[in-house]
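Below is one structure; the comments refer to it alone.
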Amino acid sequence: MSDVTNEGGRDSALLRFLWRAVKLLATVALTFLGLLVVTFLIGRVVPVDPVLAVIGDRASQSVYDRVFIELGLDRPLYEQFWIYLQKVLSGDFGESFLTKRSISDDLARVFPATMELATVAILIGTIFGIPLGVWAAVRQGKFVDQFVRVFGLIGYSAPIFWLGLLGLLVFYARLQWVAGPGRIDISFEYAFTNKTGLMLLDTALQGQWAAFRNVVSHIILPAGLLGYFSMAYISRMTRSFMLNELAQEYVITARVKGVPEWRIIWVHALRNAAVPLVTVVALSYANLLEGSVLTETVFAWPGLGQYLTNSLQNADMNAVLGGTLVIGGIFVGLNLLSDLLYSTLDPRVRRQS
């Protein structure tokens, strides 16, 4: 009898897992399809003539008509979308009018720089933001709590381009503690092979420590600036989650039983607060990957933000839409990852789904 019960339980668990997987895949597919529809319509309603972007405004009418047909703009809108969908699913975002290269190649070239910058920034924001939030929650209403809240408020309020320029003036121009704009000095560009596009990783793996230190000197200021903004948000949310956990009955019970305070805070309460914090960190990382346009402009960082800015200024809508799809895909992927981690960390979510 027990064997039959166990087998029925396994079958039920397998069915629940398959149902969750189907729902997850359907959600991702519909979300991505909606993103494709939005980007396609944006490309059709913006006041930029794609034909003129290719041939210029001095070409003859016959050339204009020929390119108009070559781009498929004479076809019905639904047929244009079907062609667009097929190309995107095959990884073809078209050709950039500005660089005259494949947009896929351009994105593969610039995205690692943004990824490296955002990864260092989110590490700074997480490593410092979570302890600050916990500290503020434990010292609620005291000086430490007020300091963390004001510190976070400044992070939300101060314009990032202003802080970037101020940081360059103080730490680069005056104190000379860090290197200036860009990712690396030209004297170190050929000291290593750029295999992954992640210069910190490439220089370290190849043992080029002088080049590694130069890359660190370039990245520390923009990553620190973005990390500060991320830290402000993460510390605020950590404080909120921890205050909620510290007010729960299990904390009071643990204190009555004589459990050390440090264990209550850093093991029990923080472990429960870590479940929603996963989503906060994931979304912060996604925001850093797509929202570093001003930082990359100020620091001449050759990443996705600067690429999209140059494309917009030159009406290169193919590149803009390709970059938008990549950013949207990042958000969908990180949301999916956070949902999976959320259900892994919290068994209640698995039972409800």
The range 172-199, subset surrounded by 18 or more Cβ atoms within 10 Å (Cβ to Cβ) and under 18 Å from Arg109 (Cα atoms), residue farthest from the chain's Cα centre (by Cα): Phe192
Complete set of residues in the range 15-44 that are modelled with pLDDT of 75 or more, farther than 19 Å from Gly323 by Cα and not aliphatic (A, V, I, L, M): Trp19, Lys23, Thr27
Filter result (more than 22 Å from the chain's Cα centre (by Cα) and loosely packed, with under 11 Cβ neighbours inside 10 Å) within the range 19-48: Ala21, Val22, Ala26, Val45, Pro47
Qualifying residue in the range 198-217 (condition: touching a residue at least 24 places away in the same chain (Cβ under 8 Å), β-branched (Val, Ile, Thr) and in the same structural domain as Leu163 (by TED's automatic domain parsing)): yes
Residue ranges of helices (runs of 4 or more DSSP H) in the range 166-279 with at least 1 members at pLDDT below 90: 209-246, 249-256
Single residue of Leu85, Leu169 found to be touching a Phe, Trp or Tyr at 6+ places or on another chain (Cβ under 9 Å) and exposed (fewer than 15 other Cβ atoms within 10 Å of the Cβ): Leu85
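The values are calculated or read from the model by the stated rules, or taken from the named source; none is laboratory data. Since the model is a prediction, treat every value here as computed from it, not as a measurement. All Cβ positions, even for glycine, are placed from backbone atoms using ideal geometry, and neighbour counts span all protein chains on display.
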